[in-house]
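Since the structure comes first, as structure tokens, the remarks are kept for the end.
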Amino acid sequence: MAKTEKSFPRNFTGCLTCVQVLNIMVLLGFMLNYALRVNLTIAIVEMIYPDNDNQTIAVVNHTIHNVTEHPEHIEQTRYHWDTKQKNHLLGSFFWGYVLTELPGGRLAEIIGARRVFGYSTLIASILTLLTPGSAALGFGWIVAVRVILGFCLGATWPAILPMASKWVPPMDRSKFMSNMMASSLGAAITMPICGFLIAHFKWESAFYFTGIIGVMWSVAWFAVVYDSPAEHPRISETERNYLMKALPQDSNNKGHMPVPWRAMLMSAPVWAIIITHGASVFGYFTVVNQLPSYIESILHFNIKHNGLLSSLPYLGKYLCALASSVLADWLRRSGKLSTTTARKLFTGLAVGLPGLLMIAQANMGGDRVWSIAIFTTALTINGAVTAGYLGNGLDIAPKFSGTIFGMANTLSSIGGWLSTFMVGELTKENNTPEQWKVVFYILAGTYITGALCFVTLGSGELQPWSSPNCPPPEEKHEEQPLNEEKA
């Protein structure tokens, strides 16, 4: 029978608690995380000289200057990059991204997520500001910048799980993990904003806008976020004491346990997370990187509509992530579902249904309305992974959650690069709806395989190799929530 647990008490001091501030900063941080990467996917539509454009052009140092067909007649700097180079550039982000997933998660477990997440985002923001200049220097330079950008942002995702293990009680963790899906909200906002900026102020403005916002967020992060309640200089005693009781494993061990690699690599629940995450993100990154180009080349929408339509799936994904996480936490807290059942149920829906929708996309994707509706629905449903496998590492091994997520994101990063390579190879000669059908069938098979893997092998129980001297959090009933009081 499922165990019940009280949720986090609200309003300790009559204002925002430190946990609430952390939630806000993590939410904004992941919004920014995707803003710094998807700016290129919308900007590249205007960065590259169209093959079918017969306008008079001037070639200077391999740079093409021409007047575009925007109503505002903005003169854009364009480059002679073919379809293969375009996908090469989009995929280069993952070359660096894959290298820091596992080190980033383990480093956050040792030195803290505050520094890993904060400095990675700051450097990535500065690199974003340098992107237009690097493109002007040559194709190799902008590829190098994107590789380093990926190297920095690769460490951010696994870093947040160790922080959650120190700040967020077990029965509130699905909701906290939904903050990671704010990345989709960031993309939803970034796409139309960048589309507007590009149409009125050239494509370079997309990188300057997101880079400046990133630097501002980084300064705020270091000012208000700390690695644990014990380290926070402004936390109230009431909130600190509550968190220490709710998360005793964080207050009684100042050392760092060695990673039980053998047991971890032999664990079926760990591989369920890794394989399912790889399958889910392969599909997600394919859509993230290719949707603007698909909308432009197959559905023939202009840049303003492209940005708006490309944003719809991301907005839906975040809203679904938030709703499903609140529902999952309530079902677990009330005892209606065990953690294992909840994780499997939401993962099956979030990863399996998009696979079926990709089959529909392959058969109906030539229609503008149906295509946008299917993409939006598929990515919306995929947001429920926050209530499924995404935070599952915190259930089965909270002390090594960063390492597990790093392993999973390493595979998914390889898949992210593979997806751009796949689309580039399939469409470089014939960028037609028929070739895109092949892409959608591959996505369908990948999604469905991932869903079946987790439903078969996944678990929500604390694994014995994770923390042999600490009982599972779900088995410890919390005391009555402390009375709300003023500090």
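Quick look at the values:
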quantity	calculated
Hits in the stretch 78-111 - residues which are in a loop (DSSP other than H, G, I, E, B) and under 30 Å from residue 259 (Cβ atoms)	98, 99, 100
The stretch 418-433 residues that are farther than 13 Å from residue 90 by Cα, paired with ones that are hydroxyl-bearing (Ser, Thr, Tyr) and open to solvent by less than 40 Å² (accessible area, probe 1.4 Å) (beta carbon under 8 Å, 6 or more apart)	431/297
Some residue of the stretch 466-476 being surrounded by 13 or more Cβ atoms within 10 Å (Cβ to Cβ), modelled with pLDDT of 85 or more and over 17 Å from residue 348 (Cβ atoms)	no
Any hit, the stretch 76-94, residues being more than 17 Å from residue 227 (Cα to Cα), open to solvent by 20 Å² or more (accessible area, probe 1.4 Å), of a type in the set (A, V, I, L, M, F, W, C) and touching a residue at least 60 places away in the same chain (Cβ under 8 Å)	no
Pairs, first basic (Lys, Arg) and outside any helix (DSSP H, G or I) in the stretch 180-205, second modelled with pLDDT under 80 and surrounded by fewer than 20 Cβ atoms within 10 Å (Cβ to Cβ), C-beta under 9 Å, six or more apart	202/74; 202/75; 202/76
All positions within the stretch 422-461 that are surrounded by fewer than 16 Cβ atoms within 10 Å (Cβ to Cβ) and closer than 28 Å to residue 149 by Cα	425, 428
Counted residues, the stretch 359-373 - those being part of a helix (DSSP H, G or I) and open to solvent by 10 Å² or more (accessible area, probe 1.4 Å)	9
Which listed residue, of 281, 270, is open to solvent by less than 20 Å² (accessible area, probe 1.4 Å) and modelled with pLDDT of 90 or more	270
Selection within the stretch 310-358 - among the β-branched types (Val, Ile, Thr) and either closer than 30 Å to residue 43 by Cβ or buried (at least 19 other Cβ atoms within 10 Å of the Cβ) (or both)	339, 347, 351
In the stretch 220-241, the residues that are under 24 Å from residue 129 (Cβ atoms), in contact with a helix residue (DSSP H, G or I) (Cβ under 8 Å, 6 or more places away or on another chain) and in a helix (DSSP H, G or I)	220, 221, 222, 224
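Let's see how each residue does on (1) more than 17 Å from the chain's Cα centre (by Cα); (2) of a type outside the set (Gly, Ala, Ser); (3) open to solvent by 10 Å² or more (accessible area, probe 1.4 Å); (4) farther than 18 Å from residue 394 by Cβ:
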| position | (1), (2), (3), (4) |
| --- | --- |
| 151 | no, yes, yes, yes |
| 161 | no, yes, no, no |
| 169 | yes, yes, no, no |
| 178 | no, no, no, no |
| 191 | no, yes, no, yes |
| 195 | yes, no, no, yes |
| 200 | yes, yes, yes, yes |
| 203 | yes, yes, no, yes |
| 207 | yes, yes, no, yes |
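The values are calculated or read from the model by the stated rules, or taken from the named source; none is laboratory data. For clarity, every value in this text was computed on a predicted model and none was experimentally measured. Neighbour counts run over all protein chains shown; Cβ positions are idealised from the backbone, glycine included. The area values use the complete protein model at the heavy-atom level, side chains included, leaving out ligands, DNA and RNA. Shrake-Rupley method; radii C 1.70, N 1.55, O 1.52, S 1.80 Å.
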